[in-house]
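**Student:** Submitted below is the structure of interest, expressed as structure tokens.
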Amino acid sequence: MPGADFLPHHLLLRDTRRMEAYRVAIHATVRPGDTVVDLGTGSGILAVFAAQAGAKRVIAVEVNPDVAWLARRITRAGGFGDVIEVVTGHSASLDIGEPVDAIVCDALGFFGLCAELDELLAARARWAPSARLVPRRLTVWLSPVEAPDAIRWLDLTEDHPYAALLGPTRRVAFNLPVLMELAPGRRLAASACAGAVELSTATGGRVRSAPVFRVERDGLLSGLCGWYHAELGGGATLGSEPGTRRPMARTRFFPLDRPAEVRAGDLVRTEVSFGPTLSCWAVDVVRDGNLVQRSEQSSLMANAGWDATGLDGCPPPLGALAVFAAGDEAALDELAAGSVPRGYAALVPDWKPPAGPDLAAFVRVVRAEHRGHRAGIFTGP
């Protein structure tokens, strides 16, 4: 029996807008006689949609055996027990044994960039590079926001009866993204696209970009608010834009460790890198051409192993490079050799190799920490 493991799938099923969007997309994508793979089938509902669309065979893959048990019952209840095969295990070890025409996956989570997205891309590359996909395209959007309630909620070192004991929690809390509802009027500037993933050609579910925002009103810059917009197929779309009211649609808040006073006309220059296992964000506030404040943060910093990197004692540019280049093997090779990685120069415009740290040893620690890292996330106020 699935027990508590069913709760996330219950949320997905309760999101009827999401379910209908997937149904429309799958019926527009799957053709009669297709062989279809449903990755992370969960309840099995997407596999049922594929069978309804005329697939001759649907392989529904689910790593959790208890959830797979439930999926088998649901698919049989729908009358598709002879079409849908629920397979317990991970897709990486699965041999389909025949050409795959379409791959479907609820690979969006709360922010779009989740582990299932990478699994979908790996499965496409391994089984069927030309397979039709659901979803098809994902864009990530950002806006600088004023969110004092979220900052107060994150900071246990202020207005807390045990604040004197809780200082170590601050680094963790302010380096993890937070799921939150963005109240109306909180944006400080117009939103901008932070990147797109074309699932038919992408090799990984990570976006990296440097959006620049012009502040439209005076306020306190608390962080960046992010959301996704996904094109599923057949004209069906899903998103988590501010104001979207669905069980699985909430914006993601990337806090600043030091909120910054901003004025209308200021520039907020950002460098962001978001993916399934790691989020990094650097934010500069620039006024009249002068840097007012810089923040550099990463979910890597929220891990216990961060202390072993020695970054707290390293020059800030080295910290910025480490958190943004983590997972980029070629960039880390260049950093270990003492040069600024290609494509990362904007983070460190005045780079000089630091005299103190042993860069090769330092990069080994960063690599090891990133490989063991799993991005956490808070559910905020």
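**Student:** Name the long-range amide H neighbours of residue 253: under 5 Å, sequence gap of 5 or more, or other chain; modelled H, no Pro or chain starts.
**Tutor:** 178, 179, 180, 226
**Student:** Let me ask another. Can you tell me the order of 35-44, 186-195 when each peptide is scored by its average per-residue count of other Cβ atoms within 10 angstrom, highest first?
**Tutor:** Descending packing order for the listed peptides: 35-44, 186-195.
**Student:** What is the sum of charges around residue 294, taking Lys and Arg as +1, Asp and Glu as -1, for the other residues whose C-beta is under 12 Å from the C-beta of residue 294?
**Tutor:** -2
**Student:** Where does the charge balance sit around residue 270 when Lys and Arg score +1, Asp and Glu -1, over other residues with C-beta under 12 Å from its C-beta?
**Tutor:** 0
**Student:** Pop out the carbon and sulfur fraction of the accessible area of the range 1-144 as a percent, whole number, probe 1.4 Å.
**Tutor:** 55 percent
**Student:** Report relative contact order for the range 7-105 in percent, whole number only (criteria: Cα-Cα under 8 Å, sequence separation at least 6).
**Tutor:** 30 percent
**Student:** Under a Cβ-Cβ cut-off of 13 Å, what is the net charge of the residues other than residue 239 that fall near it, where Lys and Arg count +1 and Asp and Glu count -1?
**Tutor:** My count for the surroundings of residue 239 gives +4.
**Student:** Quick check for me: using +1 on Lys/Arg Cβ and -1 on Asp/Glu Cβ, what's the dipole size of the range 45-169 about its Cα centre, in debye to the nearest 20?
**Tutor:** Roughly 720 debye, rounded to the nearest 20.
**Student:** Solvent-accessible area per residue for the range 53-127 at a 1.4 Å probe radius, Å²?
**Tutor:** With the other protein chains kept in place, the range 53-127 gives 43 Å² per residue.
The values are calculated or read from the model by the stated rules, or taken from the named source; none is laboratory data. Quick caveat: nothing in here was measured; it's all calculated off a predicted structure. Glycine gets a Cβ as well: all are built from the backbone with ideal geometry, and neighbour counts include every protein chain shown. SASA here: full protein model, heavy atoms, side chains in, ligands and nucleic acids out. Shrake-Rupley method; radii C 1.70, N 1.55, O 1.52, S 1.80 Å.
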